[in-house]
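Notes to accompany the following structure.
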Amino acid sequence: MTRKLFGTDGVRGTANTHPMTAEMAMKLGAAAGRYFRREGAGAHRVVIGKDTRLSGYMFENALTAGFTSVGMNVLLLGPVPTPAVGCLTPSMRADAGVMISASHNPHEDNGIKFFGPDGFKLSDEAEAEIERLVQEGAPLARPDDIGRAKRIDDGRFRYAERLKATLPTGHSLEGLRIVVDCANGAAHRVAPEVLWELGAEVIPLGVEPDGLNINLNCGSTRPETAQRLVRERRADLGICLDGDADRVMIIDENGAVADGDQIMALFASRWAEADRLSQRTLVATVMSNLGLERYLGARGLQLHRTKVGDRYVVEAMRAGGFNLGGEQSGHIVMSDHATTGDGLLAGLHFLTAIVETGKKASELAGQFDRVPQLLKNVRYQLGGAPLDDEGVKKEIAAAEERLNGSGRVLIRASGTEPLIRVMAECEDEALLAEVVDTIADRIARAAA
């Protein structure tokens, strides 16, 4: 069955516009509840977390109605990071977990992503089956089997303790001054709390959510304010999270930003030296820079590439027995500790490297020289297929031929927005710009 509702990371769209309506959320809850119910296994339970978007209240209630209508008991975590749902789902012996969030997108968007009882995101096949149940209608429970809902007040504290337990015994951040930008999102309380509990001097930013300001001029996609604060307050490090805190950007003491590729390079080299990197392999997506691949190769390490999406990174990690992966965008997956990308966890382990090596963030955050990379997004109308245009195909083929041996071209449709992403890498920056501009212009004409 072809999936129509689910994209790269769950169901996502503009709130109160198909598919992100309260009606659809209720149907998704009922379908997922029926899919995850273990007949004869006693109580059926789902945990639901959310970020700080205004529409989160609506979707939380609609999902609760759907789940309870098919006999699932609902445990409401309130605002917590996405990785908290991943770890608390198995911890609370739930049949499923749900996170209501559109990650780094603006407040008017929202999304619903599901986790299985093991805390991992669902496969394409599982999502397709849930879609089938949405279309056919999930059988409802008898009146005396309708589920109950209960709010869990200590979810973020349980998650915080799990984070701290991943660090070396007695680990302290005393003497470090840290700017933490929580994007007015799901980690606005837990991130500053954890850093303070570990002894750091914390300078919080993006910790006053009002339902409309999530990711607004802050967070991992807009780190400018955090960069300025790091310089002004002479901080040792900046940690920039996105709205659901599953991705991170690191800011060194000079205000320079290190993306997920640099963070993964640091972790991979440290883990390999400690003989902790499973099969001496890092898993990353096709978007990761060629410089990362060359850096790893020079150290006898392998880079295993996947499709874009931290879900696909995790699937490859599980299939191959790897324990470190992530995305250039800042999803860092450490499967020894978490089931999905965790921005705060990655930030804490970057701080561990500072403490253990005595080096400044700038010395740790620039592990390799990036190959020049250029990315342009081309918007198209929903239902359109500009990549099927013959002129577009010819332009892409011509670009690949021009860069053969000196770089690469990657063209893909976004899994969360009606965008075509045009990316290329090449040492010759003039050629790089020409190639990307030419393809983007041709796609824009096809999309018009």
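Distance between the 7 Å Cα→Cβ label points at GLU434 and LEU212: 4.8 nm.
Think of a 1.4 Å ball rolled over the protein heavy atoms: segment 301-448 then has 44 Å² of accessible area per residue. Each label was represented as a point 7 Å from its Cα along the Cα-to-Cβ direction; for GLU174 and ASP118 these points are 4.2 nm apart.
Its DSSP H runs of at least 4 residues, each contributing -39,500 (n - 2.57), put the calculated 222 nm mean residue ellipticity of the chain at -11500 deg cm²/dmol, to the nearest 500. Sorted largest first by accessible area at a 1.4 angstrom probe radius, with every protein chain in place, the residues HIS44, HIS107 fall in the order HIS107, HIS44. Within straight-line reach of LYS27, meaning a Cα separation under 15 Å, sit the following aspartates and glutamates at least 8 residues removed in sequence or on another chain: GLU60, GLU127, GLU129, GLU131, GLU136.
The length gained by stretching the chain between THR166 and LYS359 to full extension, at 0.36 nm per residue less their Cα-Cα distance, is 67.4 nm. Which of the trypsin sites (Lys or Arg not before Pro) across segment 23-79 are loop residues per DSSP, with 15 or fewer other Cβ within 10 Å? Sparse-neighbourhood loop trypsin sites (Lys or Arg not before Pro): ARG38. For the chain, the fraction of 1.4 Å probe accessible surface lying on carbon and sulfur atoms is 47 percent.
Full extension of the chain segment joining ARG318 with ARG228 gains 28.5 nm, where the gain is 0.36 nm per residue of separation less the Cα-Cα distance. Annotation: for a label point projected 7 angstrom from Cα along Cα→Cβ of LEU140, residues of segment 41-83 with backbone N closer than 19 Å are 61-74.
Taking the Cα centroid of segment 115-176 and of segment 396-432, what is the distance between the two, rounded to the nearest whole Å? Cα centres, segment 115-176 to segment 396-432: 37 Å. Summing +1 for each Lys or Arg and -1 for each Asp or Glu among the other residues whose beta-carbon sits under 12 angstrom from that of GLN302 gives +2. Each other residue within a Cβ distance under 15 Å of ASN254 adds +1 if Lys or Arg and -1 if Asp or Glu, for a net charge of +1.
Taking ASP275, ASP181 and ordering them by how much accessible surface each has at a 1.4 Å probe, largest first, produces ASP275, ASP181.
Across THR357, THR339, THR285, mean-square fluctuation computed from a Gaussian network of the chain (C-alpha pairs under 10 Å connected) peaks at THR357.
Within the straight-line cut-off of under 24 Å between alpha carbons, the lysines reachable from LYS359 are LYS164, sequence neighbours fewer than 8 places apart in one chain being disregarded.
On a per residue basis, segment 102-192 carries 47 Å² of accessible surface, using protein heavy atoms and a 1.4 Å probe. Here's the list of lysines a cross-link from LYS307 could span, going by alpha-carbon distance under 28 Å and ignoring same-chain residues fewer than 8 apart: LYS4, LYS50, LYS113, LYS121, LYS376, LYS393, LYS394. Taking every alpha-carbon pair under 8 Å whose residues sit at least 6 apart, segment 374-434 reaches a relative contact order of 42 percent. Calculated from the structure at hand, mean projected area of the Cα convex hull in nm² is found among (1) 20.2; (2) 30.9; (3) 21.5 as (3). Which residues among segment 95-132 fall inside the zone where the amide N is under 14 Å from a point 7 Å beyond the Cα of THR14, along Cα→Cβ? Residues 106-110 fall inside that zone.
The values are calculated or read from the model by the stated rules, or taken from the named source; none is laboratory data. Nothing here was measured: the structure is a model prediction, and the numbers come from that model. All Cβ positions, glycine included, derive from the backbone under ideal geometry; neighbour counts span all protein chains shown. Ligands, DNA and RNA are stripped out before the accessible areas are found, and what is left, the full protein with its side chains, is counted by its heavy atoms. Shrake-Rupley method; radii C 1.70, N 1.55, O 1.52, S 1.80 Å.
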